[in-house]
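Data first, discussion second: the structure below is written as structure tokens.
What follows is calculated from the coordinates using simple rules that are stated; it is not laboratory data. Note that the structure is predicted; figures quoted are calculated from it, not measured. Glycine gets a Cβ as well: all are built from the backbone with ideal geometry, and neighbour counts include every protein chain shown.
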Amino acid sequence: MMIIALSKDIMQIIREQDVVPFRNRVKENAVKIKMSLLNQTKLITAASELVRNMLKYAGGGQTIIEIITKERLTGIRLTFADQGPGIPDIQQAMKDGYSTGKSLGLGLPGAKRLVNEFAITSEKGKGTTVIIIKWTNG
Amino acid sequence: MDKIPILRMGHFLLVTIQVDLYDQLALNLESDLVQMVNKTQAKGVLIDISAVSIVDSFMGRIIGNIASMSRILDAQTVVVGMQPAVAITLIELGLPLTGVHTALNVERGMTLLKEKILIGDYDEDDETGDDDNSAE
């Protein structure tokens, strides 16, 4: 049941222009493990939502792209870690249509729907970390 | 600064998005397009997104905005060429793009735009007719 990381790619996101190279890097990794086009699209879309949140609410942060295996599964794990203000009420932030900004409020719940595993931890004043996993055939 | 070109063809404006958009680029496209609609008095806007590999909630919102803003300026918007994977992802994300006309390809998109504009003209004539009657 253990997850083993086969490769690890770290990217800093500080400006909006960093988003496109980041998305491309995610895609390269997904192509490497022969993820279907649909799953690639879902993963990259989820990544795009999360990276935008990081830029908007925390002024950027660090992303980690990993190729992982668990038993017979292969997939991509993405980590988004920021040192922003944190999310006071995660349950509320995970609801569709909730936004403190002027967005549609689809970012977090939408991203969760697009991936196989989604974990979020946040501490007020310290930052937020979101980890998502998309399996090749998930 | 990158820019997405907007082509004018008769009453229509054509936009082909060939690069992956970052947020500012999408925002610029939105304001450029709306200004072009106003300046050229275009009746229709056709946006080809066949080369766009992902549409997230921000891009989706921009597309919706362009359609609503153009409608207020009396122009119809049709989005064409969406990749199937993008369509599936948009729905799962929770963004059904209601209020945006879509077509499978540029050709069908043009036909749809022409139909919409014809119907629009007919309605206008109808209304003026009614006005004349009430004046009498």
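Worth pointing out:
- Once the C-beta distance of B:L73 and A:K95 is scaled by a Förster radius of 35 Å, the resulting FRET efficiency is 0.50 to the nearest 0.05.
- Quick note on the protein assembly as shown: its Rg to Rh ratio, both from C-alpha atoms and Rh being the Kirkwood radius, is 1.06.
- Euclidean distance between Cα centres, the range A:111-134 to the range B:94-111, Å: 33 Å
- Extents of chain B, taken as max minus min of Cα coordinates on every principal axis and listed largest first, are 57, 33, 24 Å.
- For B:88-97, mean number of other protein chain Cβ atoms within 10 Å: 5
- Take every Cα pair under 8 Å whose residues are at least 6 apart in sequence, average their separation, divide by the length of chain B, and the relative contact order is 22 percent.
- Modelled spin-label separation between A:V31 and B:R8, with each label point placed 7 Å from Cα along the Cα-to-Cβ direction: 3.9 nm.
- Of the three principal axes defined by the Cα atoms of chain A, the extents in descending order read 39, 28, 26 Å.
- Sparse packing (at most 16 other Cβ atoms within 10 Å of the Cβ) combined with a DSSP loop state is found for the following GluC sites (Glu not before Pro) in the range A:27-95: A:E71.
- Note on the protein assembly as shown: helix-only mean residue ellipticity at 222 nm, from DSSP H runs of 4+ residues weighted -39500 (n - 2.57) and normalised by residue number, equals -14500 deg cm²/dmol.
- Bridgeable lysines around A:K124 (alpha carbons under 23 Å apart, same-chain partners fewer than 8 residues away excluded): A:K56, A:K95, A:K102, A:K112.
- Span-like helix criteria (full DSSP H runs; alpha carbon extent of at least 15 Å along the helix axis; mean Kyte-Doolittle hydropathy of at least -1.0) are satisfied in chain A by A:19-32, A:37-58.
- Part-to-part distance (alpha-carbon centres) for the range A:43-90 and the range B:1-57, which is given in Å: 29 Å
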